[in-house]
Amino acid sequence: MKKITYNRFGGTEVLQMTDAPMPAGDIIVKVKAVSINPLDWKLWQGDMKLMSGRKFPKSVGIDFSGIVEQGNVKYHKGDEVFGMTSIFKGGALAEYVAVKAEDITYKPEAITFEEAAGFPVAGSAALQIFNKLLKIEPGMEVLINGAGGGIGPLVIQLAKKAGAIVTAVAGPAAIDMAARMGSDAVVNYKQENVLTIGKTFDAVIDLSGKMAYKAAKTILKKHGIYVNTLPSPLEMIRSLFSGGRYKLLVLKPAASYLEMLAASGLQLFISKRYDFRDYRKAYDEVMKGSIPGKAVFVIN
Ligand SMILES: NC(=O)c1ccc[n+]([C@@H]2O[C@H](COP(=O)([O-])OP(=O)(O)OC[C@H]3O[C@@H](n4cnc5c(N)ncnc54)[C@H](OP(=O)(O)O)[C@@H]3O)[C@@H](O)[C@H]2O)c1
């Protein structure tokens, strides 16, 4: 079977399509779709080698959906499922992936394989922000900076469900999507600086990696909370000395999040589909930015 692997850290040139033996494991899924996450390239570029290790070959792809080929007592051949591999092990960008029961859940009939593949990382991150980091009360003003990507549309919907008044900051290509997902106001970051529009917020969620705590503090209300999605040892120290106003997202995948996503009714926005064999072109394009929502690989 075909899968995408790499033997050293680097840019998209290190990625290769290889012939691999069928994976062995508890459950084998025939992959139908895989979504692209910034985590994919952070891993093969070596930005996370402290956690991923330096043992090669390594495999690409975390989020997937597909059809069970070899089941166990819970999942049977033919079941439609979606889920995620271990973040540091990867291996979803392949014709087949081996997983454990806790890595997957049943795909709702109402969503496509492509939509299902877009949910696990982005959806688990969005749910974790609201379940663990922030308590949103109706009427709170929430700023979502970097709202136009994979996680943003889900965060907009969850913030609106909780009764927040949402300001989304997005690039020009994602303005319409951010409005359609329910934002009360949308700021185009290429034209306006949200730090100088004269608004303050109860929560600032930075999904862009571009708004530091120091800048966010200038637009936070007195007890407002800042959420950063790019954890590092330095940021962890900063958050410890923030009096609880600076929260870091450190994604802890859990089957319960997959089940919550399956039942959530959240809308996933996909704007780009790529053939599995165009993996290098796909990553080159997505890494440049300006693709609203999620991009997914389709595997036939
Ligand atoms: N901590 C964790 O455990 C964890 C887990 C999952 C994800 N993450 C991280 O969370 C972040 C968001 O994930 P994602 O999948 O939503 O990423 P994404 O799809 O790349 O979205 C990021 C968005 O930020 C926008 N952006 C870029 N520069 C901006 C600026 N100056 N101001 C406002 N917006 C700007 C981009 O718009 P344009 O494309 O138009 O520039 C893009 O839509 C990523 O860094 C990801 O690695 C962390």
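The numbers here are math on the coordinates, done by the rules we state, and not lab data. Remember, it's a predicted structure, so these values are computed and weren't measured experimentally. Positions of Cβ are generated from backbone atoms using ideal geometry, with glycine treated the same way; all protein chains shown enter the neighbour counts.
Key figures
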| item | result |
| --- | --- |
| Pairs with Cβ under 6 Å, 6+ apart, first in the stretch 284-300 and more than 14 Å from PRO172 (Cβ to Cβ), second among the aromatic types (Phe, Trp, Tyr) and more than 12 Å from the ligand (Cβ to nearest atom) | PHE297/TYR274; PHE297/PHE276; ILE299/PHE276 |
| Subset tally (residues that are surrounded by fewer than 24 Cβ atoms within 10 Å (Cβ to Cβ) and within 11 Å of the ligand (Cβ to nearest atom)) for the stretch 133-143 | 1 |
| Top-ranked residue of the stretch 259-300 - restricted to ones that are within 16 Å of the ligand (Cβ to nearest atom) and charged (D, E, K, R), ranked as surrounded by the fewest Cβ atoms within 10 Å (Cβ to Cβ) | LYS288 |
| Some residue of the stretch 20-33 being within 16 Å of the ligand (Cβ to nearest atom) and assigned to a loop (DSSP other than H, G, I, E, B) | no |
| When residues of the stretch 144-169 are limited to those that are within 16 Å of the chain's Cα centre (by Cα) and within 6 Å of the ligand (Cβ to nearest atom), the one nearest to GLY224 (Cα to Cα) | ASN145 |
| Qualifying residue in the stretch 120-132 (condition: touching a strand residue (DSSP E or B) at 6+ places or on another chain (Cβ under 6 Å) and of a type in the set (D, E, K, R)) | no |
| Residues that are in contact with a strand residue (DSSP E or B) (Cβ under 7 Å, 6 or more places away or on another chain) and away from the ligand (no atom under 16 Å from the Cβ), drawn from the stretch 226-247 | ARG245 |
| Residue satisfying all of: in the stretch 170-191; touching a helix residue (DSSP H, G or I) at 6+ places or on another chain (Cβ under 7 Å) and over 16 Å from PHE201 (Cα atoms); farthest from the ligand (Cβ to nearest atom) among these | GLY182 |
| Residue list for the stretch 120-132, filter: within 12 Å of the ligand (Cβ to nearest atom) and out of contact with any Asp or Glu (no Cβ under 6 Å at 6 or more places or on another chain) | ALA122, GLY123, SER124, ALA125, ALA126, LEU127, GLN128, ILE129, LYS132 |
